[in-house]
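Colleague: I'd like to ask you about the structure that follows.
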Amino acid sequence: MKKNYYEVLKKIETIGPNIEKTELLKKTVEILKENIHHYNWVGIYLLEKNVLVLGPYAGKPSPHTRIELNKGICGAAASQKETIIVSDVKADPRYLACSLETKSEIVVPIMRGKKVFGEIDIDSDKPDAFGTEDQHLLEKITEILAKKF
Ligand code: SME
């Protein structure tokens with residue numbers, strides 16, 4: 001794992017057990033945005049009665065504060081219960097635009113077993129910015145977050 005990814009994971013692993021859920025979600029988006037250069041927008045959506053509701057985020061305000069499960073990359077990841085990486089958002093008909101600068105996106109569900117509590121959504125201004133290392137890091141982080149639900 002890249003050095004800064006490892007450090008991000010260690011930080012979140014260390015604070016995870018010691019702070020409450022809301023604080024941990026907030027710190028997680030801040031740590032990811034501050035330490036990983038190509039993460040231009042980082043947010044957490046929480047699943048409330050079949051609607052994804054935007055919680056803490058770092059980056060510009062998004063028009064998509066509520067997303068239904070049959071809408072967007074966000075809805076697809078939560079309903080398929082798996083990570084989705086989109087290397088070119090313009091080529092994906094599911095994509096709901098947030099910023100004109102966004103070129104690629106990753107969405108990782110926060111789950112325990114098959115139960116989805118929410119997801120981490122990250123946009124990058126770089127095309128094809130996300131790979132297996134990002135997926136691996138973010139899935140480890142969502143495991144830590146899932147313990148709080
Ligand atoms: N692009 C997402 C919507 C959320 S914004 O990126 C913050 C989607 O297609 O679901």
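Readers should treat all values here as calculations from the given coordinates under stated rules, not as data from a laboratory. Since the model is a prediction, treat every value here as computed from it, not as a measurement. Positions of Cβ are backbone-derived with ideal geometry, glycine not excepted, and every protein chain shown enters the neighbour counts.
Colleague: Convert each backbone phi in segment 50-58 into a coupling constant with the Karplus relation 6.51 cos²θ - 1.76 cosθ + 1.60 (shift: θ = phi - 60°), then list the ³J(HN,Hα) values in order as whole Hz, x for Gly and Pro.
Modeller: Per-residue couplings from phi come out as 6, 10, 8, 10, 5, x, x, 8, 10 Hz.
Colleague: For Cα pairs less than 8 Å apart in space and 6+ apart in sequence, what is the mean separation divided by the residue count of segment 1-103, i.e. the relative contact order in percent?
Modeller: 16
Colleague: Related question: Can you compute 3J(HN,Hα) from phi for each residue in segment 62-73, using the Karplus curve 6.51 cos²θ - 1.76 cosθ + 1.60 with θ = phi - 60°, rounded to whole Hz and x for Gly and Pro?
Modeller: Karplus-based 3J(HN,Hα) across segment 62-73 equals 9, x, 9, 8, 9, 10, 6, 5, 9, 10, x, 5 Hz.
Colleague: Separate question: Over 25 Å between Cα atoms, which of Lys90/Lys140; Lys2/Lys33; Lys10/Lys147; Lys2/Lys126; Lys11/Lys147 qualify?
Modeller: With Cα atoms farther than 25 Å apart: Lys90/Lys140.
Colleague: Next question. Need the list of aspartates and glutamates near Lys103 for cross-linking: C-alpha distance under 20 angstrom, and skip anything on the same chain fewer than eight residues off.
Modeller: Answer for Lys103, where 20 Å is the Cα cut-off: Glu34, Asp88, Asp92, Glu119, Asp121, Asp123, Asp125, Asp128, Glu133, Asp134, listed by chain and number.
Colleague: Over all directions, what mean area does the Cα convex hull of the chain project, stated in square nanometres?
Modeller: Mean orientational projected area (the chain, Cα hull): 7.8 nm².
Colleague: Calculated from DSSP H runs of 4 or more alone, at -39500 (n - 2.57) each and per residue, what is the 222 nm mean residue ellipticity of the chain, nearest 500?
Modeller: Calculated from helices alone, the mean residue ellipticity at 222 nm is -11000 deg cm²/dmol.
Colleague: To continue, here is another question. Suppose R0 equals 22 Å; then what is the FRET efficiency for Lys49 and Gln80 from their Cβ-Cβ distance, rounded to the nearest 0.05?
Modeller: Plugging the Cβ-Cβ distance into 1/(1 + (r/R0)^6) gives 0.70.
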